[in-house]
Amino acid sequence: MNKESLHKMIEEKTNICQIVAYKSGSQVYSDEWRGYKKDDAVHVMSATKSIVALLIGIAIDQGLVKSIDDKVIDYFPHYQTKRGEKTIYQVTIKHLLTMKAPYKCKGDPWTKVCTSDDWTKASLDILGGRKGITDEFFYQTVCLHILTGILYEVSGMTTIDYANKYLFEPVGVSKHRSYYADSAEKHKTFIMDKKPKENVWFCDPKDVATAGYGLCLSAEDMSKIGLMCLNMGKVGDVQVISEHWINQISQTRCLTGDKFKNMKYGYLWWIIDEYVYAAIGNSGNVLYIDQEHDLLISITAYFKPTVFDRLEFIEGTIKPYILGNSI
């Protein structure tokens, strides 16, 4: 398969907007579809979670967060727990990072959190519950906001200012700004609109960015983050994130259960195998990092919630194409 036939196949069958690939530190593939330009940003959905994991690592490196074994509630000294609540006192940052935190809900409590004035507080209100710590995998998106709430508490900076200063600028990612939707309709449009986005990160009324979704990146900017991860946290001579934390996020911490095909999970990163880990977002947004082949592939895609085969597409089509043309 040549680049032209690959381009045509993707154009006809998928919702992909951009693909960028790097091999051994050099860009070996880049293409765009559906009117998107190379530097257009796309809402990468839940791949946002993996970027938040990197920011938590930076906060640990800086000593702002002492340990992922710290109790979550200790970072919110002014939060008033409800009478009789016991479980919340046992929940650690590690529980949040591994999706093992317990909540008083069955799914994502979008309405309760997103209509509040303080999404961190609203999420803390849902954290815990009568079942206690069960060590079960419970995938959450909206209540993961607690993690960016912690970053705000320890740094005194908005999420976007912290990310710009300590992650995006050092790795060469475009400067971002916060975006707040002041109505449910605007919130829905932000998620579902198929047009290119600006370099923004969705935030709550207090300018704390969403931790579970909401970050907009181009495939090129995603690749810059991936290159830093492949280089064990370094960009040139600058250690952006400790090598220790890169090793930590890319290790298997649990199995996800039948709902997620028993995939392996690390610290907000999906573990594909011994050498490969990935940031994965709804609609097929993926940052795929292959340590064995010194390869990364970043794919952005507009909203289409029925995309479940993006990893298979990467490993069955894109990866063989890249490796076959990089020899």
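The values are calculated or read from the model by the stated rules, or taken from the named source; none is laboratory data. Here the structure is a predicted model, which means the values were calculated and not measured. Ideal geometry is used to build each Cβ from the backbone, glycine not excepted, and the neighbour counts take in all protein chains shown.
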Being assigned to a helix (DSSP H, G or I), closer than 21 Å to Asp204 by Cα, outside the structural domain of Ile225 (by TED's automatic domain parsing) and in contact (Cβ under 8 Å) with a residue 40 or more places away in the chain narrows it down to one of Asp125, Asp117, so name that one.
Asp125
When every residue in the stretch 1-57 that is within 21 Å of Glu169 (Cβ to Cβ) and among the small types (Gly, Ala, Ser) is compared, the one farthest from the chain's Cα centre (by Cα) is Gly25
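Could you pull out the residue among Thr87, Thr92, Thr14 that is among the β-branched types (Val, Ile, Thr) and within 28 Å of Lys195 (Cβ to Cβ)?
Answer to the selection: Thr14.
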From Leu323, Leu255, grab the single residue that is of a type in the set (A, V, I, L, M, F, W, C), modelled with pLDDT under 95 and farther than 27 Å from Asp39 by Cβ.
Leu255
So, Gly57, is that one in contact (Cβ under 8 Å) with a residue 24 or more places away in the chain and within 15 Å of Ala163 (Cβ to Cβ) or not?
yes
Tally up the residues in the stretch 279-304 that are hydrophobic (A, V, I, L, M, F, W, C), touching an Asp or Glu at 6+ places or on another chain (Cβ under 9 Å) and crowded, with 24+ Cβ neighbours inside 10 Å, please.
2
Test Trp245 against the criterion of being in a helix (DSSP H, G or I) and either under 18 Å from Val52 (Cβ atoms) or not acidic (Asp, Glu) (or both), and give yes or no.
yes
Filter the stretch 98-114 for residues that are outside any loop (DSSP other than H, G, I, E, B) and within 22 Å of the chain's Cα centre (by Cα); which is nearest to Ser250 (Cα to Cα)?
Tyr103
Selected residue (criterion: farthest from Ile56 (Cα to Cα)) from residues of the stretch 92-145 that are touching a strand residue (DSSP E or B) at 6+ places or on another chain (Cβ under 9 Å) and of a type in the set (Gly, Ala, Ser):
Gly129
Index of the failed condition, Gln140 passing every other in (1) surrounded by 18 or more Cβ atoms within 10 Å (Cβ to Cβ); (2) in contact with a Phe, Trp or Tyr (Cβ under 6 Å, 6 or more places away or on another chain)
(2)
Find all pairs meeting these conditions: Cβ atoms under 6 angstrom apart; at least six residues apart or on different chains; first residue within the stretch 270-291 and at pLDDT 95 or above; second residue among the acidic types (Asp, Glu).
Tyr275/Glu292; Val276/Asp290
Does the stretch 293-317 hold any residues that are of a type in the set (Ser, Thr, Tyr), out of contact with any Leu (no Cβ under 6 Å at 6 or more places or on another chain) and over 21 Å from Thr189 (Cα atoms), and which are they?
Thr317
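Based on what the data block shows, is Ile68 in a helix (DSSP H, G or I) and either touching a residue at least 40 places away in the same chain (Cβ under 8 Å) or within 24 Å of Ile271 (Cα to Cα) (or both)? Don't jump to the end; show me each part of the working.
Details: in a helix (DSSP H, G or I): no; either touching a residue at least 40 places away in the same chain (Cβ under 8 Å) or within 24 Å of Ile271 (Cα to Cα) (or both): yes.
In short, no.
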Pairs under 6 Å by beta carbon, first residue in a loop (DSSP other than H, G, I, E, B) in the stretch 13-32, partner of a type in the set (Lys, Arg), six or more apart or different chains?
Asn15/Lys304
Given the conditions (1) polar (S, T, N, Q); (2) out of contact with any Lys or Arg (no Cβ under 6 Å at 6 or more places or on another chain); (3) in the same structural domain as Ile249 (by TED's automatic domain parsing), report the number of the one that Asn15 does not fulfil.
(2)
